[in-house]
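The values are calculated or read from the model by the stated rules, or taken from the named source; none is laboratory data. If you're wondering where the values come from, they're calculated on a predicted model, not measured in any experiment. Cβ placement follows ideal geometry from the backbone for every residue including glycine, while neighbour counts extend to all protein chains displayed.
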Amino acid sequence: MKTLTLTRPDDWHIHVRNGDVLKTVLPYTARQFARAIIMPNLKPPVTTVAQASVYRDEILQAIPEGMDFTPLMTLYLTAATSEAEIKLAAESEFVHAFKLYPAGATTNSDAGVGNIQQIYPLLAAMQRYDIPLLVHGEVTDDDCDIFDRERVFIERHLQAVVNDFPDLRLVLEHVTTAEAVQFVEAASAKVAATITPQHLLLNRNAILAGGIRPHHYCLPVLKREQHRLALLKAATSGNPKFFLGTDSAPHLTHLKETSCGCAGCFSAPAALELYAEAFEQVGALDKLEGFASFFGADFYRLPRNSGQVVLEKQQWQMPEICTSGDVAITPLFAGKDVTWKLL
Ligand code: DOR
Ligand code: ZN
């Protein structure tokens, strides 16, 4: 049987929500990943170190007995964030970054930033205190085609931010286009990107061809095949600027299978296996460990993990639904074959 042994990986971008959904989804991540960067887009958003501490305690409570998992907290950046809070976050042991959501870009982003120029003093403070900025890189203008929103965000906003704050450590989250790959490659070593499993495995046909598939809908939306190929090339290149971030984003099944469904793919049940499948497609399994286990830790200046995980080439079927109590969430690739299995 073909196996693949990796240093224990981390997930550098995940949504685990709170309450009963948290209890349902967290075990899937904790069994695969040693650590994860926890997104702060709760309702209300996690905007202060004090709130992040409460949320962190809730996450720690939800880790199943015997599993070793460390949540790495982030704060939701708003126009009202204070420089004092940025200092507190930078000094805190458990807050590792700020997340910038353009207002209206995605789930629970209403409290996000309307005008990036307005938060320039905050970006200066982040640069000064050397705390990373994580960016949801899409414009929200109604007149911008949804498939162009990432490219236009880079052109109109991100290039300027990177020019104006050359020492700011910045992660362009869940990149989806060849233009984003080029931007990250051309930028300094302070600029990196995460890539999701769905953007490596699927193109936009997966949402619309042969019927509308809400469980393939996420933001930024899947793009054309040429973009998927550019992402796959970047992820498997061995360039440390690109690392694993699933953006696993659970929504209750009935909130996705409806006339106006929520954005997000719940990939946590087979995250690492799906990346292995993508890397194997291009004969690059030897590049998976750097992407999954080393480059993110190096960027965040955290120690690499010491334990190991083993994947086996073995077919299994993704369940149709993940449930516990009243919670029912359809995973990405529900009912489909997965070709690698985490032992
Ligand atoms: O598809 C997405 N879902 N994209 C995001 O940026 C947010 C996420 C969520 O929180 O559901
Ligand atoms: Zn996300």
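One residue is enough: does the stretch 119-130 have a residue meeting the conditions within 16 Å of ligand 2 (Cβ to nearest atom) and either surrounded by 17 or more Cβ atoms within 10 Å (Cβ to Cβ) or over 20 Å from the mean Cα position of the chain (by Cα) (or both)? No, there is no match, as no residue in the stretch 119-130 is within 16 Å of ligand 2 (Cβ to nearest atom) and either surrounded by 17 or more Cβ atoms within 10 Å (Cβ to Cβ) or over 20 Å from the mean Cα position of the chain (by Cα) (or both). It is to be established whether one or more residues within the stretch 232-241 are at pLDDT 95 or above and within 16 Å of ligand 1 (Cβ to nearest atom). Scanning the stretch 232-241, I find no residue that is at pLDDT 95 or above and within 16 Å of ligand 1 (Cβ to nearest atom), so the answer is no. When N108 is tested against (1) away from ligand 2 (no atom under 16 Å from the Cβ); (2) part of a loop (DSSP other than H, G, I, E, B), exactly one condition is not met: (1). Scanning the stretch 1-20 for residues that are part of a helix (DSSP H, G or I) and polar (S, T, N, Q) yields no hits at all. The residues listed here are A334, A263; of these, the one that is more than 28 Å from D68 (Cβ to Cβ), within 16 Å of ligand 2 (Cβ to nearest atom) and surrounded by fewer than 20 Cβ atoms within 10 Å (Cβ to Cβ) is A263.
Condition check ((1) assigned to a loop (DSSP other than H, G, I, E, B); (2) more than 15 Å from ligand 1 (Cβ to nearest atom); (3) more than 24 Å from G296 (Cβ to Cβ); (4) touching a residue at least 24 places away in the same chain (Cβ under 8 Å)) across all residues:
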{"site": "A124", "(1), (2), (3), (4)": "no, yes, yes, yes"}
{"site": "I131", "(1), (2), (3), (4)": "yes, yes, no, yes"}
{"site": "L134", "(1), (2), (3), (4)": "no, no, no, yes"}
{"site": "G137", "(1), (2), (3), (4)": "yes, no, no, yes"}
{"site": "E150", "(1), (2), (3), (4)": "no, no, no, yes"}
{"site": "R156", "(1), (2), (3), (4)": "no, yes, yes, no"}
{"site": "P166", "(1), (2), (3), (4)": "yes, yes, no, yes"}
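Among the residues making up the stretch 173-229, a single one is in contact with a Gly (Cβ under 6 Å, 6 or more places away or on another chain) and either more than 16 Å from ligand 2 (Cβ to nearest atom) or part of a helix (DSSP H, G or I) (or both): P214. None of K43, K2 is within 16 Å of ligand 2 (Cβ to nearest atom), surrounded by fewer than 21 Cβ atoms within 10 Å (Cβ to Cβ) and charged (D, E, K, R) except K43. For the stretch 103-122, the tally of residues that are within 16 Å of ligand 1 (Cβ to nearest atom) and modelled with pLDDT of 95 or more stands at 0.
Within the stretch 239-260, being of a type in the set (G, A, S) and within 16 Å of ligand 2 (Cβ to nearest atom) holds for G245, S248, A249.
For the stretch 21-66, the set of residues classified as part of a helix (DSSP H, G or I), among the hydrophobic types (A, V, I, L, M, F, W, C) and in contact with a Ser or Thr (Cβ under 7 Å, 6 or more places away or on another chain) consists of V49 only.
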